[in-house]
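Here the structure is laid out as structure tokens; the discussion comes afterwards.
Just so you know, all these numbers are worked out from the coordinates, no wet-lab data involved. Keep in mind that what you see is a predicted model, and the values were worked out from it rather than measured. Reconstructed Cβ throughout: ideal geometry from the backbone, glycine too, with neighbour counts over all protein chains shown.
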Amino acid sequence: MGYLIVFLGGGLGATVRHGINLGIARVLGTGFPYATLLINITGSLIMGLAAAYFAFKGDTSQHWRLFFTTGILGGYTTFSTFSLDTALLYERGDVGLAALYVLLSVTISIAGLFAGFAVVRSLA
């Protein structure tokens with residue numbers, strides 16, 4: 001049952017990610033991986049909120065936790081895409097943009113996770 005739950009959630013997360021990728025590309029272009037940056041930051045924030053909620057509330061079933069975190073968020077956020085985007089920027093000769101992308105992705109995503117923790121802790 002766990003595999004089915006993760007499968008369904010992953011499909012939903014990946015579908016949202018694809019929509020964001022298309023929308024951001026239309027609006028901002030493809031010269032910088034804006035969509036992946038946005039997805040990594042928002043995914044980390046949402047994961048922080050969810051993890052803190054699950055830890056402090058403790059009333060969510062394991063199936064719902066699997067569906068949301070491993071499924072939806074797992075399909076939505078992929079740091080493998082982050083790595084590919086960084087390598088493509090580097091290979092294209094945009095070393096400064098690649099470095100900026102790595103710095104922003106890592107620092108703001110981790111800050112987002114801690115922000116999610118802080119928000120839920122303040123509500124508990």
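Some points to look at:
- Note on the range 43-108 and the range 1-22: Cα centroid distance 14 Å, given to the nearest whole angstrom.
- Over the chain, DSSP H runs of length four or greater, each weighted -39,500 (n - 2.57), average out per residue to a 222 nm ellipticity of -27000 deg cm²/dmol.
- Acute angle (nearest 10 degrees) that the helix 79-91 long axis makes with the longest principal axis of the chain, alpha-carbon atoms: 10
- Each Lys and Arg adds +1 at its Cβ and each Asp and Glu adds -1 at its Cβ; summed about the Cα centre, the chain shows a dipole of about 240 debye.
- Cα-based helix-to-principal-axis angle, 2-28 vs the chain, degrees rounded to 10: 40
- Projecting label points 7 angstrom from Cα along Cα→Cβ for residue 14 and residue 27 puts them 2.5 nm apart.
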